[in-house]
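Student: Take this structure, written in structure tokens, and hold onto it; I'll ask about it next.
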Amino acid sequence: MLEQLNKLGVAVNVPKESVDMHNMATFPGENPQPVWRIGTDGSVLFMNKKAEQLSAGLEGSKGIFSHPVWQQTLALVIKSQKNCEAEIDLQGSWFRCMFVAVNKAYVNIYGADVTARIMATLALKQANALLEDRVVRRTCELEESNEKLLAEIEAHKRSEEKLRQLSYQDELTGLGNRRYISDRLDQMISLSSRQTNHFALFFLDLDHFKQINDSLGHDAGDDLLKQVATRLQSAVRTSDLVARLGGDEFAIMLEGIHSEAEVIKIAQGVISTFHHAFYLSGESNHIYCSLGISLFPDHAKTATGLFKCADIALYKAKELRDSYSIYRDSISSELSHLHRLSHDLHTALEKNQLCLLYQPKVDLASQKVVGAEALIRWNHPRYGVVSPLEFIPIAEHHGLMLPIGDWILEQGCRTLQNWAAAGHDRLCMALNLSPIQFRDERLLEKVSAVLEKYQVAPAQLEFEITESQTMENPDKHIQVIQHFLDMGISVAMDDFGTGYSSLSRLKEMPISTLKIDQSFIKNFHRVRSERVFVQVIINMAKMFGLTTVAEGVERQEHVDFLKELGCDIGQGHHFSKPLSETDFLAFLSQQSSCIG
Ligand code: C2E
Ligand code: MG
Ligand code: MG
């Protein structure tokens, strides 16, 4: 029962304030609060004024007496004879009623209006509920927007990652790009400074990539770069990083290196992957690469420094082509020498530092001088005589080859005129033509003008071009050579045997002379296989109706063998080193006594 009352919100303990209320009840008439006395049978024994107002109460009911809380509390108090308290709502007000059992005869009930408190509590509860509701709603909203925000952050992160990947990736090959490998190098360097880790950087580029682009088109060029990317990746370890820096330049970062020998082995592996032909537009092509190597921490301690050293080493490797080179300080000083040369070459012409020497060409059968090859020299004020092998590539690279080439043409023809004036009007002058000159649209026009100017017959002029230069744009070469031929000028293929030595190319080119490279003549008197090789070249040239010239003839044995093999002309130190214009005349005058 007590429990039931508790559930109904009826308090069963009598608080202290009840005693005061009981005292108040001793003056019921003056009491503004209601007071009842109810008999144990439920009959009303007494009510003050206020109680009467409340008790009469509600329409169609017995007012307070029908209130379930009242009834239950009263019954409990009568039965237990223990005082009890309950809060009862009545006619819009709340009363706390104190039920006091008196001598088992009746129960005094003292009411107190607690509406204000109850209302305040209710209002507080409502406000709390409202607040709680708002908090819940706001929390939901916050959670929702939080979720949205998280999704946005996630999407942002994804697009950032995509962007990062893009800015780190070479679009064509899918390899990392220059930025990526530079960042990785920086990371490795910061790690390695603590762990004393060693690693290597390879810097590669393809030999003659431009030729592929020019002859087969850019799509084939792109295809080649993709194939190269795949081959490079398969040539190194999975832990190594391959990147494309741009154009035909690639780089590889090799981690965990223990020795230079290990690096060399990997470099050789990379080079040799290029020894299998590349298939481009259905054709097989032989493309090689050059590779420069720098080592951390031996050569440099920054990414930029490592790139610079690898680039310097690459420059060295390119001299040989299809090879690698490890950075050395000596290469670096060689490069600064090159910088000096390229700087000074710009003023070499105007300072009259260039000159032509003439090396006699001798008819092997008659032993007569039939002409000369003009060979350029640069008298450098600091380095002395600089070889054309050294400065012609610089001139080509720095856009100086055309003015120098024009000067050679003019100087060669002026010399022919001078020699003719000295009574030697049947000599032929061979001039080496750089590929840059060959591409000059005005070449034919310039040649005609110079021949005219110095009154030189076209048959007195011969141009030498190399086999490898004709590879670059064979059709253009055939066209220009044909023009020369039409003018009466012959063209020789120089250094034959060192390049592709392609028979079909030889057949296509309207050349008149084949110059056998001096490297085959050198050991020719001792090595039988070299003789066989020269024999094959001479026979082949004869088949095509070409005149043969052997370069680098240094010994009488060379002359004897060459004559035996049917070679037409010889050129080399055995006859004479390259001579000045006037020394050449002196040589001519004593030739019969000198040539044996
Ligand atoms: P090249 O046209 O094959 O010239 C032959 C080279 O062999 C010359 O070297 C010549 O001095 C050298 N030589 C001749 N006989 C002998 C010999 O018996 N033994 C040895 N060991 N060498 C001999 P040089 O003058 O140093 O020229 C080298 C290359 O530079 C030439 O090779 C040519 O490709 C280029 N060159 C020279 N002069 C010119 C030029 O005026 N214009 C262009 N574009 N290139 C030139
Ligand atoms: Mg030559
Ligand atoms: Mg040559």
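The values are calculated or read from the model by the stated rules, or taken from the named source; none is laboratory data. These numbers were taken from a predicted model, which means no experiment stands behind them. Here the Cβ positions follow ideal geometry from the backbone for every residue, glycine too, while neighbour counts run over all protein chains shown.
Student: Based on what the data block shows, is residue 467 closer than 17 Å to residue 487 by Cα, assigned by TED's automatic domain parsing to the domain that holds residue 394, of a type in the set (D, E, K, R) and within 54 Å of the chain's Cα centre (by Cα)?
Tutor: Numbers: closer than 17 Å to residue 487 by Cα: no; assigned by TED's automatic domain parsing to the domain that holds residue 394: yes; of a type in the set (D, E, K, R): yes; within 54 Å of the chain's Cα centre (by Cα): yes.
No: the conditions fail for residue 467.
Student: Follow-up question, since we're still on this one. Looking at the range 417-438, I want the residues that are of a type in the set (Lys, Arg) and have a partner that is buried (at least 21 other Cβ atoms within 10 Å of the Cβ) with Cβ atoms under 9 Å, at least 6 apart or on another chain. Which pairs are those?
Tutor: 426/371; 426/460
Student: Which number in (1) touching a Gly at 6+ places or on another chain (Cβ under 9 Å); (2) at pLDDT 90 or above; (3) of a type in the set (A, V, I, L, M, F, W, C) marks the one condition that residue 307 misses?
Tutor: Answer for residue 307: the failing condition is (1).
Student: Scan 324, 383 and give me the residue that is touching a residue at least 60 places away in the same chain (Cβ under 8 Å) and under 30 Å from residue 312 (Cα atoms).
Tutor: 324
Student: Something else: Give the residue, chosen from 251, 277, that is without any contact (Cβ under 8 Å) to a residue 24 or more places away in the chain and either surrounded by fewer than 14 Cβ atoms within 10 Å (Cβ to Cβ) or farther than 30 Å from residue 439 by Cα (or both). Talk me through it step by step, then tell me what you get.
Tutor: On the way: 251 fails: without any contact (Cβ under 8 Å) to a residue 24 or more places away in the chain.
Just a single option satisfies the conditions, and that option is 277.
Student: If you scan the range 382-399, which residues turn out to be more than 35 Å from the chain's Cα centre (by Cα) and assigned to a loop (DSSP other than H, G, I, E, B)? Please lay out each step first, then the result.
Tutor: As a first pass, look at the range 382-399 and keep what is more than 35 Å from the chain's Cα centre (by Cα): 382-388.
Within the range 382-399, 382, 383, 387 meet the criteria.
Student: Give the range 400-426 a look and list any residue that's in contact with a helix residue (DSSP H, G or I) (Cβ under 7 Å, 6 or more places away or on another chain) and part of a helix (DSSP H, G or I), or say none. Walk me through it before giving the result.
Tutor: The first filter runs over the range 400-426 and keeps only residues in contact with a helix residue (DSSP H, G or I) (Cβ under 7 Å, 6 or more places away or on another chain), leaving 400-402, 404-406, 409-410, 413, 415-416, 418-419, 422, 424.
Result: 401, 402, 404, 405, 406, 409, 410, 413, 415, 416, 418, 419.
Student: So which residues in the range 209-224 are surrounded by 20 or more Cβ atoms within 10 Å (Cβ to Cβ) and of a type outside the set (Gly, Ala, Ser), if there are any at all? Full working, then the answer.
Tutor: Here is the first cut: in the range 209-224, the ones surrounded by 20 or more Cβ atoms within 10 Å (Cβ to Cβ) are 212, 221, 224.
Result: 212, 224.
Student: Let me ask you something else. Is it true that some residue in the range 494-507 is modelled with pLDDT of 90 or more, buried (at least 21 other Cβ atoms within 10 Å of the Cβ), within 41 Å of the chain's Cα centre (by Cα) and within 16 Å of ligand 2 (Cβ to nearest atom)? Step through it out loud before you land on a result.
Tutor: The initial filter retains those residues of the range 494-507 that are modelled with pLDDT of 90 or more, namely 494.
Next, from what is left, pick out any that are buried (at least 21 other Cβ atoms within 10 Å of the Cβ): 494.
Keeping just the survivors that are within 41 Å of the chain's Cα centre (by Cα) gives 494.
Now narrow it down to the ones that are within 16 Å of ligand 2 (Cβ to nearest atom): 494.
Yes, the range 494-507 contains a residue that is modelled with pLDDT of 90 or more, buried (at least 21 other Cβ atoms within 10 Å of the Cβ), within 41 Å of the chain's Cα centre (by Cα) and within 16 Å of ligand 2 (Cβ to nearest atom).
Student: Within the range 384-409, which residues are in contact with a Lys or Arg (Cβ under 8 Å, 6 or more places away or on another chain) and more than 16 Å from ligand 3 (Cβ to nearest atom)?
Tutor: 385, 386, 406, 409, listed by residue number.
Student: Every residue in the range 458-476 that is within 16 Å of ligand 2 (Cβ to nearest atom) and closer than 14 Å to residue 437 by Cβ, please. Full working, then the answer.
Tutor: Start the filter on the range 458-476 by keeping residues that are within 16 Å of ligand 2 (Cβ to nearest atom), which leaves 461-470.
Listed by number, the residues that qualify are 461, 463, 464, 465, 466, 469, 470.
Student: Another question, if that's okay. Kindly evaluate residue 440 against the criterion of being under 28 Å from residue 287 (Cβ atoms), away from ligand 2 (no atom under 16 Å from the Cβ) and buried (at least 16 other Cβ atoms within 10 Å of the Cβ). Even if it seems obvious, please write down each step before you answer.
Tutor: Numbers: under 28 Å from residue 287 (Cβ atoms): yes; away from ligand 2 (no atom under 16 Å from the Cβ): yes; buried (at least 16 other Cβ atoms within 10 Å of the Cβ): yes.
Considered against the rule, which asks whether it is under 28 Å from residue 287 (Cβ atoms), away from ligand 2 (no atom under 16 Å from the Cβ) and buried (at least 16 other Cβ atoms within 10 Å of the Cβ), residue 440 comes out as yes.
Student: Give the residue that is nearest to ligand 3 (Cβ to nearest atom), with candidates limited to residues of the range 458-499 that are part of a loop (DSSP other than H, G, I, E, B) and touching a Ser or Thr at 6+ places or on another chain (Cβ under 7 Å). Quick ask: steps written out before the conclusion?
Tutor: Restricting attention to the range 458-499, the residues satisfying the condition of being part of a loop (DSSP other than H, G, I, E, B) are 473, 488-489, 497-499.
From the residues that got through so far, the ones that are touching a Ser or Thr at 6+ places or on another chain (Cβ under 7 Å) too are 473, 498-499.
Working: 473: 21, 498: 9, 499: 11 Å.
By that ranking, first place goes to 498.
Student: Restricting to the range 162-198, name every residue that is surrounded by fewer than 17 Cβ atoms within 10 Å (Cβ to Cβ), modelled with pLDDT of 85 or more, part of a helix (DSSP H, G or I) and of a type in the set (D, E, K, R).
Tutor: Hits for the range 162-198 are 178, 179, 183, 186.
Student: While we're on this one: Taking the condition of being within 16 Å of ligand 2 (Cβ to nearest atom) and either within 15 Å of residue 530 (Cβ to Cβ) or of a type in the set (D, E, K, R) (or both), how many residues in the range 549-566 meet it? Step through it out loud before you land on a result.
Tutor: Our first condition is that a residue be within 16 Å of ligand 2 (Cβ to nearest atom); within the range 549-566, this holds for 549-553.
Now restrict to residues that are either within 15 Å of residue 530 (Cβ to Cβ) or of a type in the set (D, E, K, R) (or both): 550-553.
Qualifying residue count for the region: 4.
Student: Right, something else. From 131, 150, 175, 122, which residue is in contact with a Lys or Arg (Cβ under 7 Å, 6 or more places away or on another chain) and on the phi < 0 side of the Ramachandran plot? Let's see the steps before the verdict.
Tutor: Values: 131 fails: in contact with a Lys or Arg (Cβ under 7 Å, 6 or more places away or on another chain); 150 fails: in contact with a Lys or Arg (Cβ under 7 Å, 6 or more places away or on another chain); 122 fails: in contact with a Lys or Arg (Cβ under 7 Å, 6 or more places away or on another chain).
Being in contact with a Lys or Arg (Cβ under 7 Å, 6 or more places away or on another chain) and on the phi < 0 side of the Ramachandran plot holds for just one of 131, 150, 175, 122, which is 175.
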